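Student: Just passing along the structure, written as C-alpha cells.
The values are calculated or read from the model by the stated rules, or taken from the named source; none is laboratory data. Keep in mind that this is a model prediction, so the values were computed, not measured. All Cβ positions, glycine included, derive from the backbone under ideal geometry; neighbour counts span all protein chains shown.
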Amino acid sequence: GQIHICFGYPGASTDTETKYSLSLLNIILGSGMSSLLFKEVREKRGLAYDIESKQYNLNQCGYLTVTAGLSQKKLNESIELIENIMSNCYQQIDKSTLNKAKNMLKGRLIISMEDTLSIAEFNATSQRFGTANNFEDHLEKVNNVKIDEIKEIARTNFTEFKPNIAILGPVKELYSSRIPSSVHI
C-alpha cells in the first residue's frame, strides 16, 4: 500500500527578504528532477513514488513543505532519509548549485510573466506588501542572495527546528510501535 507524508518546516513571510533565499532553497531541495530529495529518495533509493518541496509565503508567516508518496513497507527508512537530507542539506550547497537554482527561478519567473493573471498577481502582491516594486527588482533580489545566507537559513530551519509531520494512510494499525520518535500519531 501507499502512504502519503508531509513534513512542515518554518518559512518566511511575504514581507521579508529571506523569502528569496527560501525560494532558492526550495528549488535545490525538491523542485524538479535534479533536486536533492528527488535524486536521493526517488532515483537513488527508490523509496518514493513522488517527492517534492514547496514554499508558501503568507502575510505574517511562511512555511516549506516536503511531500512524498511512499511505500508502507519503507516508511521508517524514508522518514529517516528525508530528515537526514533536510538537516544536512546546508553542507551540500555550493556556488554551482546556487547559481543553477538562481537561473531556474529567474527562468520560471520570466515565463510566468507571459500570463496576464500572473502579472496582475505580482503587481497586487508587490503593492500590498511593499515588496519588489517591479519585476527587475525581483530578479535582482534573487541574484543578490549569497551562499552564506542560504546555508544559514537551511541550517537554522532544518537543523534547529524539528518538522511537523502528517501521515495519511493505514499507519497506526501497522506501524504504531515502529514509527520514529519524531512522528506523533
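Student: Considering only residues that are basic (Lys, Arg) and either surrounded by fewer than 19 Cβ atoms within 10 Å (Cβ to Cβ) or not in a helix (DSSP H, G or I) (or both), which ones fall in the stretch 80-106? Break it down into steps so the answer makes sense when it comes.
Tutor: Residues of the stretch 80-106 that are basic (Lys, Arg), as a first pass: 95, 100, 102, 106.
Matches in the stretch 80-106: LYS95, LYS100, LYS106.
Student: Another one. Among the numbered conditions (1) among the hydroxyl-bearing types (Ser, Thr, Tyr); (2) modelled with pLDDT under 95; (3) surrounded by 18 or more Cβ atoms within 10 Å (Cβ to Cβ); (4) within 22 Å of ARG155 (Cβ to Cβ), tell me where SER35 comes up short.
Tutor: Checking SER35 against (1) among the hydroxyl-bearing types (Ser, Thr, Tyr); (2) modelled with pLDDT under 95; (3) surrounded by 18 or more Cβ atoms within 10 Å (Cβ to Cβ); (4) within 22 Å of ARG155 (Cβ to Cβ), the one that fails is (2).
Student: Answer yes or no as to whether ILE51 is surrounded by 13 or more Cβ atoms within 10 Å (Cβ to Cβ), at pLDDT 90 or above, more than 30 Å from PHE135 (Cβ to Cβ) and in contact with a Lys or Arg (Cβ under 6 Å, 6 or more places away or on another chain). I'd like the intermediate steps shown before the answer.
Tutor: On the way: surrounded by 13 or more Cβ atoms within 10 Å (Cβ to Cβ): yes; at pLDDT 90 or above: yes; more than 30 Å from PHE135 (Cβ to Cβ): yes; in contact with a Lys or Arg (Cβ under 6 Å, 6 or more places away or on another chain): yes.
It is true that ILE51 is surrounded by 13 or more Cβ atoms within 10 Å (Cβ to Cβ), at pLDDT 90 or above, more than 30 Å from PHE135 (Cβ to Cβ) and in contact with a Lys or Arg (Cβ under 6 Å, 6 or more places away or on another chain).
Student: Can you tell me which residue is surrounded by the most Cβ atoms within 10 Å (Cβ to Cβ) among those in the stretch 11-32 that are in a loop (DSSP other than H, G, I, E, B) and without any contact (Cβ under 8 Å) to a residue 60 or more places away in the chain?
Tutor: Keep residues of the stretch 11-32 that are in a loop (DSSP other than H, G, I, E, B), which gives 11-17, 31-32.
Applying the additional criterion that residues be without any contact (Cβ under 8 Å) to a residue 60 or more places away in the chain yields 12-13, 16.
Values: ALA12: 23, SER13: 14, THR16: 16.
My answer is ALA12.
Student: Taking the stretch 50-82 on its own, how many of its residues are over 28 Å from ASP15 (Cα atoms) and in contact (Cβ under 8 Å) with a residue 60 or more places away in the chain?
Tutor: Looking only at that region, the number is 11.
Student: Looking at LYS44, LYS39, LYS95, LYS74, which is the one that is of a type in the set (Lys, Arg) and under 29 Å from ASN134 (Cα atoms)? Break it down into steps so the answer makes sense when it comes.
Tutor: Values: LYS44 fails: under 29 Å from ASN134 (Cα atoms); LYS39 fails: under 29 Å from ASN134 (Cα atoms); LYS74 fails: under 29 Å from ASN134 (Cα atoms).
Answer to the selection: LYS95.
Student: Okay, next question. For residues that are among the small types (Gly, Ala, Ser) and under 30 Å from ILE82 (Cβ atoms), scanning just the stretch 111-160, find the one that is surrounded by the most Cβ atoms within 10 Å (Cβ to Cβ).
Tutor: Of the residues in the stretch 111-160, the ones among the small types (Gly, Ala, Ser) are 112, 118, 120, 124, 126, 130, 132, 154.
From the residues that got through so far, the ones that are under 30 Å from ILE82 (Cβ atoms) too are 112, 154.
On the way: SER112: 14, ALA154: 25.
Among residues in the stretch 111-160 that are among the small types (Gly, Ala, Ser) and under 30 Å from ILE82 (Cβ atoms), the one surrounded by the most Cβ atoms within 10 Å (Cβ to Cβ) is ALA154.
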